[in-house]
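The values are calculated or read from the model by the stated rules, or taken from the named source; none is laboratory data. It should be emphasised that the depicted structure is a prediction, and the values quoted were computed from it without experimental measurement. Cβ: placed from backbone, ideal geometry, glycine included. Neighbour counts: every protein chain shown. What goes into the accessible areas is simple: the full protein's heavy atoms, side chains included, and nothing from ligands, DNA or RNA. Shrake-Rupley method; radii C 1.70, N 1.55, O 1.52, S 1.80 Å.
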Amino acid sequence: MLSSLMNIFRVADLRNKVVFTLVVVALYQLGANVPVPGVSLSQIHALETQAKSSGVLSYLDLFSGGALTRFAVFGLGIMPYITSSIIIQLLMVVIPKFEQWREEGPSGERKLTQVTRYMTIALAIMQSTGLAYAFHNGGGGLIGGAPLNVDLVPNFTVPRVLLIVVTMTAGTVVVTQPVGTEECARDGDTAWVVPSRDVDAAARAVARVLADGEAASR
């Protein structure tokens, strides 16, 4: 069994996929656990405790892997990108240009992807601004029930809020950027999609290597 596992790292393509996936997971975990600058760490712990009980925040937190309640750099996750993609799909009904781009094939799809990314940035700016204001005012109803005595941004000034907005927007841009192979980038895959493909491919390859090793031992 151990020798079969070691064979994984002897296959260059499989080794690269495994290493790539581990690096992306490690980077995301880092960004999902590092709070944005200018927030109170003690208040973040209080928010995490309250958010586990009920409220909209506990539901939204599922999409960011807990990064939202930590007010982390990757706190918004891919929610702005998903929302932007839905909006673009709906706008195809009322904007003929979008429908025309979709019918153009790969070149038109790239244009739609570019528009989607621009809208993602705009939505990330609005959402991070709203979250900064909401968490300065006891959760703004996101936690459920009456506003809590939680102020993640005690020094609520324009430069501080701007720093938070820029940091969280940059985090969203990072997790929605095409990464991996040229084919993945051309297809518009994001840092969330590419690892899932690599993990699936790596799992199948690992199973094949283990099966070959067991067959050889017989």
Would you mind stating whether Ser53 is at pLDDT below 70 and touching a strand residue (DSSP E or B) at 6+ places or on another chain (Cβ under 9 Å)?
no
Residues of region 1-50 being modelled with pLDDT of 75 or more, within 30 Å of Val161 (Cα to Cα) and not aliphatic (A, V, I, L, M), in sequence order, are Tyr28, Gln29, Gly31, Asn33, Pro35, Pro37, Gly38, Ser40, Ser42, Gln43, His45
Give me the pairs: first residue in region 32-43 and closer than 16 Å to Leu131 by Cβ and part of a helix (DSSP H, G or I), second residue polar (S, T, N, Q) and open to solvent by less than 60 Å² (accessible area, probe 1.4 Å), beta-carbon distance under 8 Å, and six or more apart or on different chains, which are they?
Ala32/Ser64
Return the only residue of Ile164, Ile143 being closer than 19 Å to Leu41 by Cβ and at pLDDT below 85.
Ile143
